[in-house]
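Q: Would you mind keeping the following structure in view while I ask a few things?
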Amino acid sequence: MIQNTWDCQQSRILNYVCKYTLIEEDVLGDKLEKICHDITFEGTDDGGCAIKVAIDYHTKGDLELDDDDIKKGKDETIGLYKACEDYLTANPNVCA
């Protein structure tokens, strides 16, 4: 689900929210039931955007993720968004 909000009081900056859940994916392995992502794209005064990412891991049973598992997931998510940013920056007419 993508929602957009127009805030006329704050420099008319466009904001987007994307929420999705991975429920069937190799990355889940035998430790995770699902992974919920909440991504917020907030427009900045200089015409760019700031991205905020919240990830909620739902483990199977009483398993707990260690810091290495969480860091790996965070790095993979950031890498995905960085690749998208690089592509869209190099190809600005793709979504025009």
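No lab work stands behind these numbers, since they all come straight from the coordinates. As the structure is a computational prediction, the values presented were derived from the model and not from experiment.
Q: Taking Cα atoms of region 2-90, Rg/Rh with Kirkwood Rh, to two decimals? Don't skip to the end; give the middle numbers.
A: Numbers: Rg = 15.8 Å, Rh = 15.0 Å.
That ratio is 1.06, to two decimals.
Q: While we're looking at this one, here's another question. Two decimals is fine: what's Rg over Rh for region 44-96, C-alpha atoms, Kirkwood radius as Rh?
A: Numbers: Rg = 15.8 Å, Rh = 13.8 Å.
When Rh is taken as the Kirkwood radius, the ratio is 1.14.
Q: What is the extension gain from Leu88 to Thr59, computed as 0.36 nm multiplied by their sequence separation minus the C-alpha to C-alpha distance, in nm to one decimal?
A: Numbers: separation 29, 0.36 × 29 = 10.44 nm, distance 3.38 nm.
Difference between extended and current length: 7.1 nm.
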